[in-house]
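The values are calculated or read from the model by the stated rules, or taken from the named source; none is laboratory data. What you see is a predicted model, and the numbers here were worked out from it, not measured in a lab. No Cβ is skipped: glycine too gets one built from the backbone with ideal geometry, and neighbour counts run over all protein chains shown.
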Amino acid sequence: MTARLDRRQTLNVIAAAALFTAYRPRPVLAAPPDLRIPDLYGARMAFSDQAKALTGKEITLAGFMAPPLKPDVKFFVLTRMPMAICPFCDSTADWPRDIVLIKTRDDIDWVYFNVPIKVTGVLELGTEVDDETGFVSEVRLVKAEARTL
């Protein structure tokens, strides 16, 4: 025996299906994990287990933009503490050991050295020498975007 739906029942089924479609649970996209620059390192400046586990994944770091090496580049150095001078321009300056090279997708909007920023990008670990600049880095965020806090 087949049951036939009358017009009212048919409309109720359509309305219920529309509501289910409109309000069905959707996957929540998780925000990249927020890390601090010191979280990238373990004992004796080795990479932390957390950093190793996040290699190749998108993360977010907060810090300060070091003064640029030269204008019109798509990278900058993120530091834990503000730096007023370019450490590559003054041999007496102490360059902090906990820095991260940031390679951006687009041109960089420079911000003052003492303005905190948040950078999101894909974490890379290990020694790399940039072909264009000769800059040697151990920790990088690539495909990165920065914003002021």
State which residue is modelled with the lowest pLDDT when the search covers only region 125-142 and only residues that are of a type in the set (A, V, I, L, M, F, W, C) and farther than 20 Å from Asp106 by Cα. Val136
Select from region 126-149 the residues that are assigned to a loop (DSSP other than H, G, I, E, B) and in contact (Cβ under 8 Å) with a residue 60 or more places away in the chain and write down the one among them that is nearest to Arg36 (Cα to Cα). Leu149
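Is there a residue being at pLDDT below 90 and within 25 Å of the chain's Cα centre (by Cα) anywhere in region 52-64?
Going residue by residue through region 52-64, those that are at pLDDT below 90 are none.
No, every residue in region 52-64 fails to be at pLDDT below 90 and within 25 Å of the chain's Cα centre (by Cα).
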Kindly check whether there is at least one residue in region 113-124 that is at pLDDT below 90 and either in contact with a Gly (Cβ under 8 Å, 6 or more places away or on another chain) or surrounded by 15 or more Cβ atoms within 10 Å (Cβ to Cβ) (or both). yes
Pick from Arg105, Arg80: which is over 13 Å from the mean Cα position of the chain (by Cα) and at pLDDT below 90? Arg80
